[in-house]
Amino acid sequence: MAIDNEMVKQVAFLARLKVEDDKIEETKDEFNKILNWIEQLKEVDTSDIMPLVSVNDSSIPMREDTITDGNVKEAVLKNAPMQEFGYFAVPKVVE
Amino acid sequence: MTYTIKTEKNEWEIVCGLEIHCQIISKSKIFSGASTEFGDDANVNVSFIDAGMPGMLPVLNKECVKQAVKTGLGLNAQINKHSVFSRKNYFYPDQPNGYQITQYEYPIVGKGAVKIDLSDGTSKEIGITRIHIEQDAAKSIHDLNPKKSYIDFNRAGVGLMEIVTEPDFRSPEEAGAFLRKLRSIVRYLGTCDGNMDEGSMRCDASISVRLKGEQKMRERAEVKNVNSVKFAMQAIENEAKRQVEIYEQGGTIEQQTRQFDQTTGQTKFLRLKEYADDYRYFPEPDLPPLYLTDEYIENIKKEMVELPDAKKDRFIKDYALTAYDADILTESRQTADFFEQAAKGHDGKKVANWILGDLFANLNANKLTLEQSPITPEMIGELVDLIAKNVISGKIAKDVFVYMWENPKMPSQIVEEKGLKQVTDTGAIEAVIDSVLAQNPDNVAAYKAGKVNLFGFFVGQVMKASKGAANPQMVNEILKKKLG
Amino acid sequence: MTDLIKLTVSEALKGLKSRQFSAVELTKAYIKQMEEGRKYNAYVVETTEQALEQAKLSDEHYTNGTNRALEGIPLGVKDLFCTKGIQTTACSHILDNFVPQYESTVTQNLLNNGSVFLGKLNMDEFAMGSSTETSYYKPAVNPYSKDKLLVPGGSSGGSAAAVCANMCAAATGTDTGGSIRQPASFCGITGIKPTYGRCSRWGIIAYASSLDQAGPMTKDVRDAAIMLKCMAGYDPKDSTSANIEVPDFEKVLGQDIKGLKIGIPKEYRSDGLNKEVASYWDKAAEMFKLRGAEIVEISLPHTKYALPTYYIIAPAETSSNLARYDGIRYGLRINGEKADDLYINTRTKGFGAEVKRRIMIGTYVLSAGYYDAYYIKAQKVRRLIKQDFEKAFEKCDLILTPTSPFSAFEIGDKSMNENPINMYLNDVFTVSVNLAGLPALSLPIGLDSKGLPLGMQLIGRAFDEETIFKAGYALEEDVAFKRK
């Protein structure tokens, strides 16, 4: 499943990364090299095998519905590169 | 009643499915211990988890699971004993982690069905595809600064149930009836407050049209965030019409996302479904799968309250109500409880009439909810009793009701204090009648001469003279006798 | 005084308890060594003032007799652990100036046990790499370097270099595909990756959630046992944390290993295996045999697929885990006209090449149309790899393999840097263990002809670190490796 330049751009956008135009070719080649390598997995017969998400297959632990957290506004905002009026500020989002 | 859009050439049918996001009622968020309260200062009810800080991990809130199971049972749906949380990946400023924890391939609730009643007296079953639980996003505030949006994470991480229906709706009315029914059910269950205008219940509609008789589905448009039942109906109607117009002009519809404009009632284009919508779902590695036992589900079943459909049937049977009255009385659990409390030991049908009539009219006129009503169920029950026992007449009862509204007391007390007790003493009534007849000799003569419609005049005069306290039936009988 | 820094944790604890020296003296000795060892670039943040404060408190504890398990022991912390009030960047530009307002569970456990933190240790950016060359703060240097600068391995390369050069008594590391064991091997120290779930992941910056696991990097096996006991434990804040009692690992040290079955996986001995590595491997097996252990050949047939499997699963998870770095709530922010520009500018500038490569591969393998072929396939192979181990452990109690196929290479090594896959091959012997969630220890076996350390790996059954420690301690005794 070789990928092309267009795919490189699409994947980069999905990941919100920019690949400079003069790097696309190179990125694509590198990508295909890695993909070729991981495609060794095709050799493996996995027909009756269930996917393994995590080695921990026990049931999810659950917490009681009590308020134990929050009320740390200052700490939450502490590292904000831009905050105004107690909000995180971003460029205008229009929808 | 089949709803279609008729044009000169064709007859079109609507195919619509709904996705409803219901905020789960719980004290703390679905994956953090921060409070779910709103209205507080921005970014207060936010934990480091809700703010997507590095290294933070989610821990599932028991209550949210229980609420979803309850809702599933309330929608007659399959509860899945094995479900899995997944990540839905997308970038948006209100999504702190760059992904939403939701359920994808294995939701907690599977197929179900909800019966809706339509205005023509028919009913219809709407299929529930699934319910999954997930986290809400933060809120963006756009009107504080022309160049910036502000993000408040108070809402981020509040539990949501996303209820997905089959594309079973063929008219705006059906969708409206379903939304009202769903709202009523979640409110009964106490799993969501159902307030669409406050955003605790939000609806997206998937709308397409097809020629009547056509089997396949055409491309659909998804209309986002329609925040009232009325708007949902409007959005479906107008979006369907828009699509019909495009088809009739030879155009095609592309799968797209649209937004409802409250001011125009129309939908407007947002974006095409494309590569950007590739959410790259995968199982959430921070959360093991959720397994529920039969015992757990059975225990929740035992806790289930009587739901509107069952209650309605029972009201019709036990209280001899009309389907219409029973429907209104069971729409909310509060109303139903009020009614049942009032009807206890009294004539249910009459109690219903008082509630649906005078009480609701007064509440509406004063913009009050039932919880704010000055009149208690016991007052209504006693009022109905006083009439039944001939203590007061229906007419006086209306006055008693007004007194009660203004100065909440038990009706018997009002009747006592104001001396409104109906006179049932034959002698006393005869005395009043005699004096009325004596004062109107001309009319008596005219009546006897054949002007029988004067009978009403005499009744009126007697009632007036008794200040309304005379038992009208007795007045009738005695008058008839006296006038011969 | 210089001798103090050469003491192991257990030796230092003895000296502190018997008041041969104070915690402040011990800490000062390490601070002096840190200054002398700056050429190794092991620390990215030094917190010497706080360390002295902590040491002073530790001395009080000793005076009061309230000393705890690691009272006054100066440790280095990998920069992947969030430390409250101390800059934590995962050695990435994108987390510039990030100061967590919370303490990771593992480091909190260490603090609760009385340890002293000297600073934050260099690593590959977000733990992605095998050499620390992807660190935003330039690579750490292997203290075994002579004329040319060698890598300390990675990703926990700063930790390995610091322990090796006696710039801390012990350090924390994390291991997703070999990130504790490979640098331990390169720097001639001991490191254990415990069973997945043994140490809480809460507060550790996530790379690949289903694989990440914290562990100690120490001067010897006893220290590893002491440190792990203090770091591990069930944490309700991490839903994947194991609710299993943590044994006193130190107790098993010195126990007889007679009759222990030690498996040698045939698939690890390829024709291309480095001769020196192979001969040390044989030597280690021989040593076990002499102690009465039984050497058995085992098969892990899917070994060859472990790396490709890892390079689907880890990037997939990381593409999602690293989506939160968007310039909005913390870290680097490069502004842009629209929100998407803000994201793209910040992320393009903030992430290094290897991290971006893995994010893009992960994004691709999760995207629509490729998910089944890559991600699901990898998860199925992951199960096969886990089953390989389960079958192998029917025949043996422990598996012995080399840790790394070679010794430390030069910083800037051409073949490693030209082709990412060559760098990935560093983990060829370690990565299966992470996929199967098993515990594994690396300890030094000797020096190669270049005078560089090589490590041996002992892999145990899930939650059976005790057998590893028991055997590791025995092997360590026989090897008698001379530490720096």
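Per chain C: cysteines with no other Cys C-beta under 4.7 angstrom?
Unpaired cysteines in chain C: C:Cys82, C:Cys91, C:Cys168, C:Cys199, C:Cys230, C:Cys396.
From Cα pairs below 8 angstrom and at least 6 apart in sequence, can you work out the relative contact order of segment C:83-156, rounded to a whole percent?
So the answer I get is 26 percent.
Counting only C-alpha contacts under 8 Å and six or more residues apart, can you give the relative contact order of chain B as a whole percent?
The normalised contact order for chain B reaches 13 percent.
Assuming a viscosity of 1.306 mPa s and a temperature of 10 °C, what translational diffusion coefficient in µm² per second does Stokes-Einstein assign to segment B:362-484, Rh being the Kirkwood radius over Cα pairs?
Working: Rh = 16.0 Å.
My calculation gives 99 µm²/s for D.
Ignoring solvent entirely, what values of log10 I(q)/I(0) come out of the Debye formula for the protein assembly as shown at 0.05, 0.08 Å⁻¹ when each Cα is a single scatterer?
Those come out to -0.43, -0.87, one per q.
Amide H neighbours of B:Ser35 under 5 Å, counting only residues 5+ apart in sequence or on other chains, H built in-plane at 1.01 Å?
Under 5 Å from the amide H of B:Ser35 lie the amide H atoms of A:Asp69, each far enough along the sequence or on another chain.
Per residue of segment C:403-418, what does 6.51 cos²θ - 1.76 cosθ + 1.60 with θ = phi - 60° give for ³J(HN,Hα)? Whole Hz please, x for Gly and Pro, Karplus curve as stated.
7, 9, x, 7, 8, 4, 10, 6, 5, x, 3, 4, 5, 5, 8, 6
Counting other Cβ atoms within 10 Å of each Cβ, which trypsin sites (Lys or Arg not before Pro) in segment C:331-423 have at most 16 and sit in a DSSP loop?
Values: sites: C:Arg333, C:Lys338, C:Arg347, C:Lys349, C:Lys356, C:Arg357, C:Arg358, C:Lys377, C:Lys380, C:Arg382, C:Arg383, C:Lys386, C:Lys391, C:Lys395, C:Lys414; in loops: C:Arg333, C:Lys338.
Filter output for segment C:331-423: C:Lys338.
Enumerate by residue number the trypsin sites (Lys or Arg not before Pro) in segment B:1-95 meeting two conditions: DSSP loop (anything except H, G, I, E, B), and at most 11 other Cβ atoms within 10 Å of the site's Cβ.
Working: sites: B:Lys6, B:Lys9, B:Lys27, B:Lys29, B:Lys62, B:Lys66, B:Lys70, B:Lys81, B:Arg87, B:Lys88; in loops: B:Lys9, B:Lys27, B:Lys29, B:Lys81.
Those that pass, being in a loop and sparsely packed, are B:Lys9.
Take the cross-link list B:Lys451/B:Lys480; B:Lys311/B:Lys367; A:Lys42/C:Lys377 and give me the ones stretching past 18 Å between alpha-carbons.
Values: B:Lys451/B:Lys480 14 Å; B:Lys311/B:Lys367 27 Å; A:Lys42/C:Lys377 8 Å.
Exceeds cut-off: B:Lys311/B:Lys367.
Quick one: 3J(HN,Hα) in Hz for segment C:60-71, Karplus 6.51/-1.76/1.60 with θ = phi - 60°, rounded, Gly and Pro as x.
4, 4, 4, 4, 7, x, 9, 5, 9, 4, 10, 4
Using 16 Å as the cut-off for backbone N distance, which residues of segment B:65-86 belong to the label zone defined by a point 7 Å from the Cα of B:Asp294 along Cα→Cβ?
Once the point is set 7 Å along Cα→Cβ of B:Asp294, B:79-82 turn out to lie under 16 Å by backbone N, inside segment B:65-86.
Please report the relative contact order for segment B:304-435, taking Cα pairs under 8 Å with a sequence separation of at least 6, and give it as a percent rounded to a whole number. All intermediate terms of the calculation are to be shown ahead of the outcome.
On the way: 113 pairs, mean separation 23.6, N = 132.
So the answer I get is 18 percent.
How many angstrom lie between the Cα centre of segment B:297-346 and the Cα centre of segment A:7-52?
59
Using the count of nearby Cβ atoms within 10 Å as a rough guide to exposure, how do C:Cys230, B:Cys64 rank from fewest to most?
Details: C:Cys230 24, B:Cys64 28.
Listed from fewest to most nearby Cβ atoms, that is C:Cys230, B:Cys64.
Neighbouring Cβ atoms within 10 Å as the yardstick, rank C:Thr107, B:Thr322 fewest first.
The fewest-first ordering by Cβ neighbours comes to B:Thr322, C:Thr107.
In the structure shown, do any of C:Lys450/C:Lys482; B:Lys111/B:Lys181; C:Lys17/C:Lys56; B:Lys124/B:Lys268 have a Cα-Cα gap over 21 Å, and if so which?
Those over the limit are B:Lys124/B:Lys268.
What spacing in nm lies between the two simple spin-label points modelled at C:Lys304 and A:Glu6, each 7 Å away from Cα in the Cβ direction?
Rounded to a tenth, the inter-label distance reads 3.6 nm.
Work out how much length B:Gln249 to B:Gln413 would gain on full extension: take 0.36 nm times their residue separation and subtract the Cα-Cα distance, in nm to one decimal. Could you put the intermediate results ahead of the total?
On the way: separation 164, 0.36 × 164 = 59.04 nm, distance 7.16 nm.
Contour length minus Cα-Cα distance gives 51.9 nm.
For C:Met287, B:Met410, B:Met53, what's the fewest-to-most ordering of other Cβ within 10 Å of each Cβ? Mind showing how you got there, number by number?
Values: C:Met287 18, B:Met410 15, B:Met53 24.
Ordered by Cβ neighbours within 10 Å, fewest first: B:Met410, C:Met287, B:Met53.
Over what distance in Å are the Cα centres of segment B:53-95 and segment C:151-187 separated?
39
Taking 35 Å as R0, compute the FRET efficiency from the Cβ-Cβ separation of C:Asp248 and C:Lys56 and round it to 0.05. The partial results should precede the final answer.
Values: r = 29 Å, r/R0 = 0.83.
Once rounded, the FRET efficiency stands at 0.75.
Where a Cα-Cα gap under 15 Å defines reach, which aspartates and glutamates qualify for B:Lys81, not counting those fewer than 8 residues away within the same chain?
Here the aspartates and glutamates satisfying the reach criterion relative to B:Lys81 are A:Asp57, B:Glu105, B:Asp294, B:Glu295, B:Glu298.
Let me know the volume per residue of the alpha-carbon convex hull for chain C, in Å³. Walk me through the numbers before you get to the answer.
Working: hull volume 66.4 nm³, N = 484.
Per-residue hull volume (Cα only) is 137 Å³.
Show that you can apply the helix-only estimate: for chain C, add -39,500 (n - 2.57) for every DSSP H stretch of four or more residues, divide by all residues, and state [θ] at 222 nm to the nearest 500.
Values: 16 runs with 182 residues, N = 484.
Helix-only estimate at 222 nm: -11500 deg cm²/dmol.
Give me a comma-separated list of calculated 3J(HN,Hα) values for segment C:328-336, in order, Karplus coefficients 6.51, -1.76, 1.60 applied at θ = phi - 60°, integers in Hz, x for any Gly or Pro.
Those phi angles translate into 9, 9, 6, x, 5, 9, 10, 4, x Hz.
Quick one: putting +1 on the C-beta of Lys and Arg, -1 on the C-beta of Asp and Glu, what dipole do you get for chain B around its Cα centre, in Debye to the nearest 20?
Numbers: 62 positive and 69 negative charges, 196 e Å.
Dipole magnitude for chain B comes out near 940 debye.
Values quoted throughout were computed directly from the atomic coordinates according to the rules given, and no laboratory measurement underlies them. These numbers come from a predicted model, not from an experiment. Cβ: placed from backbone, ideal geometry, glycine included. Neighbour counts: every protein chain shown.
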